[in-house]
1. How large a share of the accessible area of the protein assembly as shown, in percent, is made up of carbon and sulfur atoms when the probe is 1.4 Å and the other protein chains stay in place?
2. Whats the longest run of chain A with zero GluC sites (Glu not before Pro) that are DSSP loop and have at most 11 other Cβ atoms within 10 Å?
3. 7 Å along Cα→Cβ for the label point: how many nanometres lie between B:Ala137 and each equivalent label in the other copies, listed shortest first?
4. If you take the beta carbon distance between B:Asp39 and A:Ala21 as r and set R0 to 45 Å, what does 1/(1 + (r/R0)^6) give as a FRET efficiency, to the nearest 0.05?
5. Work out how much length A:His68 to A:Ser49 would gain on full extension: take 0.36 nm times their residue separation and subtract the Cα-Cα distance, in nm to one decimal.
6. Could you give the dipole magnitude of segment A:82-232 about its Cα centre, charging the beta-carbon of Lys and Arg +1 and that of Asp and Glu -1, in debye to the nearest 20?
7. Rounded to the nearest 0.05, what FRET efficiency is calculated for A:Glu139 and B:Gln32 with R0 set to 51 Å and r the Cβ-Cβ distance?
8. Between copies, how far does the label point of B:Glu210 sit from its twins, in nm, shortest first, when each point is 7 Å from Cα along Cα→Cβ?
Number of protein chains: 2
Amino acid sequence: MDETAPQKGTVTQRAIEQIKAMIGEGRLEPGQRLPTERDLAVQLGISRSSMREAIRALTVLGVLEARHGSGIYVTQLEAGDLLETFGVVADLSRGPRLVELLEVRRILESTATALAAARITPDQLAEVEKHLTAMNATEDPEEILAHDLAFHREIAGAAGNETMAAILDGLSSRTFRARVWRGYQEEGAFARTRREHTAIHRALVAHDPEAARAAAAAHVGEVEQWLRAQLGA
Amino acid sequence: MDETAPQKGTVTQRAIEQIKAMIGEGRLEPGQRLPTERDLAVQLGISRSSMREAIRALTVLGVLEARHGSGIYVTQLEAGDLLETFGVVADLSRGPRLVELLEVRRILESTATALAAARITPDQLAEVEKHLTAMNATEDPEEILAHDLAFHREIAGAAGNETMAAILDGLSSRTFRARVWRGYQEEGAFARTRREHTAIHRALVAHDPEAARAAAAAHVGEVEQWLRAQLGA
DNA sequence: TCCGCCATAGTGGTCTGACCACCTGGCCGG
DNA sequence: CCGGCCAGGTGGTCAGACCACTATGGCGGA
């Protein structure tokens, strides 16, 4: 009856591809609910175990979402859903790879900040200021880090490219930054960070893209150079 | 007995986190072989089915690699291994998200090309030329696309940032580009593409970063603008 | 002695069927 | 009419069996 699968790879892998294809071809819309695991297994002619592995795989990729007791749904397939796995990359990278990731972040962050300088709205600017002042008002590293992240996320959002913002979010994932900061803050980098953030903010207020680009690049580049030196030592 | 897991999330999710943690803490080195599925399941106190789901999840993320009949191994955790999932993102993105991805690619590709202009070696330059001439010597879209990909990949590699090269590779994944090209090539874009590639190559030969950046940005931007227009229509 | 074949043990891959935990919606009683 | 209860359906987990493949080491022949 079914001559769709001419035997290639594992059945699970095949199931993953088939579901991905269904979504790619539009047979499954974002947010739509899929048949039950049991039905899907029958449809593709495989066991429920294999089908579950396929579903689990697509779940960690941010393509599907399983709700216990309710069903399996296609995510909205937005940038945030799919790029969440980017954080894993950042978390598992070490040594020279960390420097490379920071270099990528520097390139994207500087461009995003430049775009934001041109496009940011008063409301968004107010939000940025909120995190800036909150960050300056505390000495708790945890809180500083949180506002630091929010500061940059808000700016990336103002750049108007959700995909880029999602990537930057992954590149700044909590554990990633925490790992770098642990050693970085020892050299009293808080003050410098605050100065750099102020410079970025000033460029945003002035709607000066080039100044914003330079300030952001310098900000990330500072950490990048420090990390590079650490590895060379 | 075991107070490691105080009940949070599904057992599979917990297993995923635990294995990730083992790698993050260095208890599992890249390339190292893991215990068997059966042993791992016993160690973490879960069933083999759940353990298999966890392994499958980490497999699609490029963290683990399962070899039938041999065992499960940690990948080298290099950029290419972990960023393969980036291709999935590109394949499943549609509409405005495609434009955003192209914008990200434009930013990274232009910078990568600029870096390459400064650092490229004669050998690498020869390789680039090979793909350029091969691309000009055929009319088969399939082959042109293949050499087009290789052309950019070689340049990205010459930039000296493996991570960036891997991301660009994902952003240029076969199905992604094929989808865009299907409509794009109708307007006789082959000639324009060749011209643009020639301009990029010329900048590389001259070791002129700024010219390279401009040429690469224009090259990607061309497609980006076309796609933007398509969506607006 | 050495090489090559092959039996075998061990591994991941798949299947089955059962049970549990949770959500949902409808029914029933207030 | 409303609220709580309950049953059916769903994903989550488990157990055990068998299959497909790989690697290893021993055996036989050259």
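1. Numbers: 11180 of 21760 Å².
Taking all protein chains in place, the protein assembly as shown shows 51 percent carbon and sulfur surface.
2. Details: sites that count: A:Glu3, A:Glu25, A:Glu139.
It runs A:26-138.
3. Copy-to-copy label distances for B:Ala137: 6.8 nm.
4. Values: r = 35 Å, r/R0 = 0.79.
Once the sixth-power term is evaluated, E becomes 0.80.
5. On the way: separation 19, 0.36 × 19 = 6.84 nm, distance 1.64 nm.
Length difference between fully extended and current span is 5.2 nm.
6. Numbers: 17 positive and 23 negative charges, 73 e Å.
Here segment A:82-232 has a charge dipole of around 360 debye.
7. Numbers: r = 41 Å, r/R0 = 0.81.
Computed FRET efficiency for A:Glu139 and B:Gln32 comes out at 0.80.
8. 1.2
The values are calculated or read from the model by the stated rules, or taken from the named source; none is laboratory data. Fair warning: this is a prediction, and the values are worked out from it, not measured in the lab. Neighbour counts are summed over all protein chains in view; Cβ atoms, including those assigned to glycine, are modelled from backbone coordinates with ideal geometry. Each accessible area value is taken on the protein alone, full model and side chains, heavy atoms only, with ligands, DNA and RNA left out. Shrake-Rupley method; radii C 1.70, N 1.55, O 1.52, S 1.80 Å.
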